[in-house]
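Enquirer: So that we are looking at the same thing, I have put the structure below in structure tokens.
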Amino acid sequence: MTKTVDPFESISLDDLRKRTSEKWSTYGSDVLPVFVAEMDFALAPPVRAALQAAVALGDVGYAASGEVPAAFAAFARRRFGWDLDPGAVFAVPDVMAGVAEALQLLTPPGAGVVINPPVYPPFFDVIRHEGRTVVEAPLQQDSGGMWRLDLAALERAFSAGAQAYLLCSPHNPVGRVWSEAELRDVAALAARYHVAVISDEIHAPLTMPGFTFSPLLKTAPDQPVIALSSASKAFNIPGLKCAVMVATSQQLRADLQSRLSSRRDEVESRIGQLGVIATIAAFHEGDEWLDALLAHLDRTRHLLTELLGAHIPATRYFPPQATYLAWIDCSALFPDGQPADHFLRRGRVALEAGSKFGKQCASWARLNFGTSSAIVEEAVRRMARAV
Ligand SMILES: Cc1ncc(COP(=O)(O)O)c(C=O)c1O
């Protein structure tokens, strides 16, 4: 009997080291990189086929993104039960470019913008870069390890005058999929204090089996809410440059359309044609591969519990409900903090430093498990060597 090959396990480290992306070019060949949010798997077959056909045709001119909104709306209907008018969807080069546009559209210069550390480090940067002010409402972790939004802290920030809230849903790095009830509370609070919400939903397609992602705009379609999404995380194509912004309130949709039209050179012109082609293929034809990926990631997030328990039991890790990022508390290991530095120096394994995600996070590290179980095992072995 022939054994079927598991595409998520049959990964060659030698081939990965031939890649030239940030993940594989930042460190030397003695270091195992598990830092930046980029996966090690081969492309989904429909995405690969679409890209190969485009390259064979020389279809790499200036991007024409007209079909992206309908492809995203179809994906959102199938995967999230979200009945979305493609007219509410706008293509942009990447999610962070969309966040910058949303900040400019929704807030005046200097406005307070709330974020929930620990959080994706560029959230701090984009708010400052766009001339707004970072307001922190840190997440809370309960005694069972479950991360929660601190509604009281959010309310304090909103009542003190913050004008926007940049929500990460699902959340990087803690991996929470916010429930519909939690999002209803967020929407109600934002409405009470007239706070606009920018909901970064880039990790939503990577919601693990058994959990349900709720788009914020499904809960608050008429509020000043802009959502962002992309095929780039789930289908591992962030270098190709294509994402979407969504606004469903009639007023905001018109305002967003007008802003993006006036900023063609800065926004639409920077969308990548290969990104458009890959995104349309992913959203229309990627479900089967995505389901297989999620089954693999679901196994791997639990494998990591076993590996950390066996090799570095002093770490604390709560398996994420979405995405392939493990947020690991190393405070019992390195009293001076900076665990990623120790892992790199002594173990030759590169994790993302927790300190980048917030000032409270110096003793944490983020590990990317979007790879084979053999590579995850090797990463943990190397971490254990550093302890
Ligand atoms: C929450 C979040 N938003 C945005 C991004 C980056 O997206 P893009 O490359 O489309 O700007 C990432 C990448 O890891 C992310 O985790």
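The values are calculated or read from the model by the stated rules, or taken from the named source; none is laboratory data. Predicted model, so just to flag it, every value in this text is computed and none were measured. Here the Cβ is made from the backbone with ideal geometry for all residues, glycine too, and neighbour counts use every protein chain on show.
Enquirer: With respect to the numbered conditions (1) over 18 Å from Val99 (Cα atoms); (2) away from the ligand (no atom under 15 Å from the Cβ), which one is the sole condition not fulfilled by Phe213?
Expert: With respect to (1) over 18 Å from Val99 (Cα atoms); (2) away from the ligand (no atom under 15 Å from the Cβ), Phe213 is out only on (2).
Enquirer: Under the condition of being surrounded by fewer than 18 Cβ atoms within 10 Å (Cβ to Cβ) and aliphatic (A, V, I, L, M), which residue from the stretch 63-94 is nearest to Arg259 (Cα to Cα)?
Expert: Ranking the candidates gives Ala64 first.
Enquirer: Right, something else. Yes or no: Thr305 under 25 Å from the mean Cα position of the chain (by Cα), buried (at least 16 other Cβ atoms within 10 Å of the Cβ) and of a type in the set (S, T, N, Q)? Quick ask: steps written out before the conclusion?
Expert: Details: under 25 Å from the mean Cα position of the chain (by Cα): yes; buried (at least 16 other Cβ atoms within 10 Å of the Cβ): no; of a type in the set (S, T, N, Q): yes.
No.
Enquirer: Need pairs with beta-carbon distance below 6 Å; first residue of a type outside the set (A, V, I, L, M, F, W, C) and within the stretch 219-233, second more than 12 Å from the ligand (Cβ to nearest atom); sequence gap 6+ or separate chains.
Expert: Listed pairs, sorted by first residue: Thr219/Leu183; Thr219/Arg184; Thr219/Ala187; Pro221/Thr248; Asp222/Ser249; Gln223/Ala191; Pro224/Ala196; Pro224/Leu252.
Enquirer: While we're looking at this one, here's another question. Have a look at Met96, Met146 and point out the one that is over 24 Å from Asp222 (Cα atoms) and touching a residue at least 24 places away in the same chain (Cβ under 8 Å). Give the derivation first.
Expert: Values: Met96 fails: over 24 Å from Asp222 (Cα atoms).
Every option except Met146 fails the conditions.
Enquirer: How many residues are more than 14 Å from the ligand (Cβ to nearest atom) and buried (at least 24 other Cβ atoms within 10 Å of the Cβ) when one looks only at the stretch 217-245? Before you say what the answer is, go through the steps one by one.
Expert: Our first condition is that a residue be more than 14 Å from the ligand (Cβ to nearest atom); within the stretch 217-245, this holds for 217-225.
In the following step, the residues that additionally are buried (at least 24 other Cβ atoms within 10 Å of the Cβ) were identified as 217, 225.
Of the residues in the stretch 217-245, 2 are more than 14 Å from the ligand (Cβ to nearest atom) and buried (at least 24 other Cβ atoms within 10 Å of the Cβ).
Enquirer: When you go through Gly131, Gly112 one by one, which is the residue that is modelled with pLDDT of 95 or more and at positive phi?
Expert: Values: Gly112 fails: at positive phi.
When all the criteria are applied, what remains is Gly131.
Enquirer: Against the condition buried (at least 19 other Cβ atoms within 10 Å of the Cβ), in a helix (DSSP H, G or I) and either touching a residue at least 40 places away in the same chain (Cβ under 8 Å) or not aliphatic (A, V, I, L, M) (or both), how does Ala326 come out, does it pass? Show your work before the answer.
Expert: Numbers: buried (at least 19 other Cβ atoms within 10 Å of the Cβ): yes; in a helix (DSSP H, G or I): no; either touching a residue at least 40 places away in the same chain (Cβ under 8 Å) or not aliphatic (A, V, I, L, M) (or both): yes.
Judged against the criteria, Ala326 is not a match.
Enquirer: Name every residue in the stretch 217-244 that is within 23 Å of Asp287 (Cβ to Cβ) and of a type in the set (A, V, I, L, M), in order of residue number.
Expert: Leu217, Ala227, Leu228, Ala231, Ala234, Ile237, Leu240, Ala243, Val244
Enquirer: Looking at the stretch 22-40, which of its residues are away from the ligand (no atom under 16 Å from the Cβ) and part of a loop (DSSP other than H, G, I, E, B)?
Expert: Selection gives Tyr27, Gly28, Ser29, Asp30, Val31.
Enquirer: Can you pull out the residues in the stretch 91-123 that are of a type in the set (A, V, I, L, M, F, W, C) and either within 19 Å of Ala37 (Cβ to Cβ) or within 13 Å of the ligand (Cβ to nearest atom) (or both)?
Expert: Going through the stretch 91-123, the residues of a type in the set (A, V, I, L, M, F, W, C) turn out to be 91-92, 95-97, 99-100, 102-103, 105-106, 111, 113-115, 119, 123.
Matches in the stretch 91-123: Ala91, Val92, Val95, Met96, Ala97, Val99, Ala100, Ala102, Ile115, Val119, Phe123.
Enquirer: May I pose another question? Hey, among Leu149, Leu154, which residue is among the aliphatic types (A, V, I, L, M), over 30 Å from Leu293 (Cβ atoms) and away from the ligand (no atom under 13 Å from the Cβ)?
Expert: On the way: Leu149 fails: over 30 Å from Leu293 (Cβ atoms).
Answer to the check: Leu154.
Enquirer: Out of everything in the stretch 133-146 that is out of contact with any helix residue (DSSP H, G or I) (no Cβ under 6 Å at 6 or more places or on another chain) and within 18 Å of Ala111 (Cα to Cα), what residue ends up being nearest to the ligand (Cβ to nearest atom)?
Expert: Taking the stretch 133-146 and keeping what is out of contact with any helix residue (DSSP H, G or I) (no Cβ under 6 Å at 6 or more places or on another chain), we get 133, 136, 138-146.
Those still in the list that are within 18 Å of Ala111 (Cα to Cα) too: 133, 136.
Working: Thr133: 20, Glu136: 16 Å.
Once the filter is applied, the top-ranked residue is Glu136.
Enquirer: Looking at the stretch 177-205, which of its residues are under 13 Å from the mean Cα position of the chain (by Cα) and buried (at least 23 other Cβ atoms within 10 Å of the Cβ)? So that I can check it myself, show each step before the final result.
Expert: From the stretch 177-205, those under 13 Å from the mean Cα position of the chain (by Cα) are 177, 199-205; that's our starting set.
Correct list: Ser199, Asp200, Glu201, Ile202, His203, Ala204, Pro205.
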